[in-house]
């Protein structure tokens, strides 16, 4: 734990929203000796959080294929931070594959990322025996990791409580009305009225259960239309995601998404045709026009928002910067924006 005497500024902070970002900010502030109280509108942790439907990939190198440079750089903090706070990280790397007709996509992906090891079919079979013989080539990012988002969120909530933080459930509050020395607004899309540039990008996912195929790490199957990823979870469960659709109904999975996700999973391995569909999920992921997260400060309230599809990857870095901004009056974290009062 950091020595609290090294910090200045407020000694009590209220956090609105106990999703992945709010919980990460709470853990970071508690490590710095601050009194923290979280307010969560839902009756249980995760019930109202878009991170409940996340893939949980801690894959900064892979994200470099399409994401902006800060995502890659700041994302390097994630795996160590999550392991220290929850012990929930599985560090088996990421496998990237493409069907033979999409081989050009694999070359393009390799050209836009770093730290990729090109592997042949024999190396692939050693990494994932159940995919043996199905792909001649692939890319392996050995330094990446993943976690189960739901287990990680619940574990982080317990970490926050163990560090002395308070979590108030069924507590829908106005951030401006709270009496703490400082307030972090981590409400995601619920904060849109205060953040006019915030928009929602819909993501859809499936969870299936199968005993026919077992994977040890996330597998990304490159596709011209959708960036499919398949992420193993416990007890034969596999998460398949995800679409990216501007706006739309937050909680509804479209038939087209079902067809595309299941079709792509079937292309990865035909055993997915026999998998049991356990759950469908969709939600709006908040993002700003530049697709980068922001700390948006208005007086004593700082919004921590816009993490898009990088919630687990970027929340540790955003929590660190939010704590710096709260505790050091003159701190200017790189993603801090001052808003008009």
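The values are calculated or read from the model by the stated rules, or taken from the named source; none is laboratory data. Note that this is a predicted model, so its numbers are computed, not measured. Quick reminder, even Gly has a Cβ in these numbers, built from the backbone with ideal geometry, and neighbours come from all protein chains shown.
Here are some notes:
- Of the strands (runs of 3 or more DSSP E) entirely within the range 141-221, those holding at least 2 residues that are outside the structural domain of residue 14 (by TED's automatic domain parsing) and farther than 19 Å from residue 51 by Cβ occupy 199-209.
- Subset of the range 270-283 that is farther than 12 Å from residue 205 by Cα and touching a strand residue (DSSP E or B) at 6+ places or on another chain (Cβ under 9 Å) - its residue that is surrounded by the fewest Cβ atoms within 10 Å (Cβ to Cβ): 276
- Among the residues of the range 222-244, those that are farther than 14 Å from residue 278 by Cα and outside any strand (DSSP E or B) comprise 223, 224, 225, 226, 227, 242, 243, 244.
- Residue 336 over 17 Å from residue 67 (Cα atoms), surrounded by fewer than 20 Cβ atoms within 10 Å (Cβ to Cβ), touching a helix residue (DSSP H, G or I) at 6+ places or on another chain (Cβ under 7 Å) and touching a residue at least 12 places away in the same chain (Cβ under 8 Å): yes
- Across the range 236-251, not a single residue is classified as modelled with pLDDT of 90 or more and farther than 27 Å from residue 47 by Cβ.
- You will find that of 162, 180, the residue that is free of Cβ contacts under 8 Å to residues at least 24 places away in the same chain and under 23 Å from residue 326 (Cα atoms) is 162 and no other.
- Only residues that are surrounded by fewer than 23 Cβ atoms within 10 Å (Cβ to Cβ) and touching a residue at least 40 places away in the same chain (Cβ under 8 Å) were counted in the range 309-326, giving 1.
- Screening the candidates 118, 122 for the property of being assigned by TED's automatic domain parsing to the domain that holds residue 223 and farther than 24 Å from residue 212 by Cβ yields one hit, 118.
Quick grid of which residues meet (1) buried (at least 21 other Cβ atoms within 10 Å of the Cβ); (2) without any contact (Cβ under 8 Å) to a residue 40 or more places away in the chain; (3) in contact with a helix residue (DSSP H, G or I) (Cβ under 8 Å, 6 or more places away or on another chain); (4) on the phi < 0 side of the Ramachandran plot:
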position: 205; (1), (2), (3), (4): yes, no, yes, yes
position: 212; (1), (2), (3), (4): no, no, yes, yes
position: 217; (1), (2), (3), (4): yes, no, yes, yes
position: 240; (1), (2), (3), (4): yes, yes, yes, yes
position: 243; (1), (2), (3), (4): yes, no, yes, yes
position: 252; (1), (2), (3), (4): no, yes, no, yes
position: 257; (1), (2), (3), (4): yes, no, no, yes
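- Of everything in the range 110-124 that is more than 18 Å from residue 68 (Cα to Cα) and out of contact with any helix residue (DSSP H, G or I) (no Cβ under 8 Å at 6 or more places or on another chain), the residue that is surrounded by the fewest Cβ atoms within 10 Å (Cβ to Cβ) is 122.
- Residues in the range 125-139 that are in contact with a helix residue (DSSP H, G or I) (Cβ under 7 Å, 6 or more places away or on another chain) and crowded, with 19+ Cβ neighbours inside 10 Å: 4 in all.
- Residues that are touching a strand residue (DSSP E or B) at 6+ places or on another chain (Cβ under 8 Å), within 23 Å of residue 183 (Cα to Cα) and assigned to a helix (DSSP H, G or I) within the range 24-79 comprise 25, 26, 29, 30, 50, listed in sequence order.
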